[in-house]
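Input: a single structure, listed below in structure tokens.
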Amino acid sequence: MFFAHILAVSIPCAIAVVAALRWTRGRVYPLPLPPGPRPLPFLGNALQLDTTRPWLTYTAWRKIYGNIIYSRLFGIDMIILNSDTIARELFNKRSAIYSDRPVIHTRERAGLAFNTGLLPYGETLQQHRKIYHQVLKAETSASYSGMYTHQANELVVDLLSARADMQKPKEACERYMGGLTMVITYGHIPQRGDPVLARAHELVDIVARIVTPEKAALFSAFPFLKRLPAWFFSKDYALMERSRELCQQLLNEPFNEVKAQMAKGTVSQSLVSDFLSQTRDDGDEETLKAIALSGYLAGTGTVS
């Protein structure tokens with residue numbers, strides 16, 4: 001009798017919970033979701049995903065489900081686009097709808113809350129975009145042609161000397177983009193083994209590993225993880241402490257070097273010096289630090 005009573009109560013409750021979940025999902029998503037792999041309860045598709053190389057999983061799913069795929073990780077809904085054409089259609093032509101960013105909890109833990117590319121849509125992002133347009137307009141870019149030529153010549157020499165080693169052309173391209181972006185952003189001409197450039201490359205590598213939607217989904221599903229120390233996590237998450245340290249060094253050291261050179265009258269032309277010569281607002285300086293490092297990381301991490 002006892003078990004019969006339990007069943008009599010639990011079965012209607014289970015049906016009610018399932019119905020409530022479906023009703024809630026219908027209110028949130030009134031239209032059908034794109035096709036995708038069948039999720040498990042709570043885990044979603046986490047066990048089917050290669051979290052270290054998720055693009056391989058998404059490419060395999062594309063053959064089954066198409067270019068727009070629905071996936072779920074620990075209660076976080078994700079839409080994967082496997083087509084450049086579709087991505088441009090949504091994010092360029094319909095940017096008023098899709099211009100916001102998802103909440104990536106790992107960005108704060110990694111010290112990357114300043115990064116333009118990770119900012120939510122709002123006043124801060126608009127301010128960043130305004131300054132980018134101001135310091136990166138076509139006529140300003142043309143004034144750096146001498147720097148482009150010098151760094152391009154350095155790249156050619158590096159590539160000629162690296163012909164026998166398949167790994168060295170990659171290093172040469174990274175050094176070229178890092179040096180070019182550094183000299184344009186801060187007026188700093190890096191030498192081989194330059195500590196600023198080495199820290200920047202280290203940060204780019206760390207960011208590529210830890211600031212991903214797949215890893216952020218864990219923090220969204222288990223908020224208490226944000227209160228745990230970095231050593232509690234795997235090697236990737238332990239890198240977050242190092243990332244915060246590198247971010248603070250790179251936000252302040254090259255920027256302060258430009259300010260010191262301006263005070264001495266020995267400053268070279270750069271985006272930072274051009275902007276500082278036009279403003280005396282300390283609040284704008286904090287914004288410019290964020291913009292300068294965001295632009296540097298984007299140029300170094302993607303173009304090379």
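The chymotrypsin sites (Phe, Trp or Tyr not before Pro) found in the stretch 30-59 that occupy coil by DSSP, while having at most 11 further C-beta atoms within 10 Å, are PHE42. The phi torsions of the stretch 89-103, fed into the Karplus equation with coefficients 6.51, -1.76 and 1.60 and a -60° offset, translate into couplings of 4, 7, 8, 8, 6, 10, 5, 5, 8, 10, 8, 7, 10, x, 7 Hz, rounded to whole numbers, with Gly and Pro shown as x. Projecting label points 7 angstrom from Cα along Cα→Cβ for LEU90 and ILE189 puts them 4.6 nm apart. Short-range pairs are left out: with C-alpha atoms under 8 Å and at least six residues apart, the relative contact order of the stretch 20-150 is 15 percent.
Applying the criteria of a DSSP loop state and at most 13 other Cβ atoms within 10 Å to the trypsin sites (Lys or Arg not before Pro) of the stretch 104-165 yields LYS137, ARG163. Suppose R0 equals 45 Å; then what is the FRET efficiency for SER141 and ARG62 from their Cβ-Cβ distance, rounded to the nearest 0.05? It comes to 0.75.
The radius of gyration of the Cα set in the stretch 28-99, together with its Dmax, comes out at 12.9, 36 angstrom. 3J(HN,Hα) along the stretch 122-135: x, 5, 5, 4, 5, 5, 4, 5, 4, 6, 4, 4, 6, 9 Hz, from the Karplus curve 6.51 cos²θ - 1.76 cosθ + 1.60 with θ = phi - 60°, whole Hz, x for Gly and Pro.
Rule-based calculations on the coordinates, nothing more; no lab input. What you are looking at is a predicted structure, and each value in this text was computed from that prediction instead of being measured. Virtual Cβ from ideal backbone geometry, glycine too; neighbours counted across all protein chains shown.
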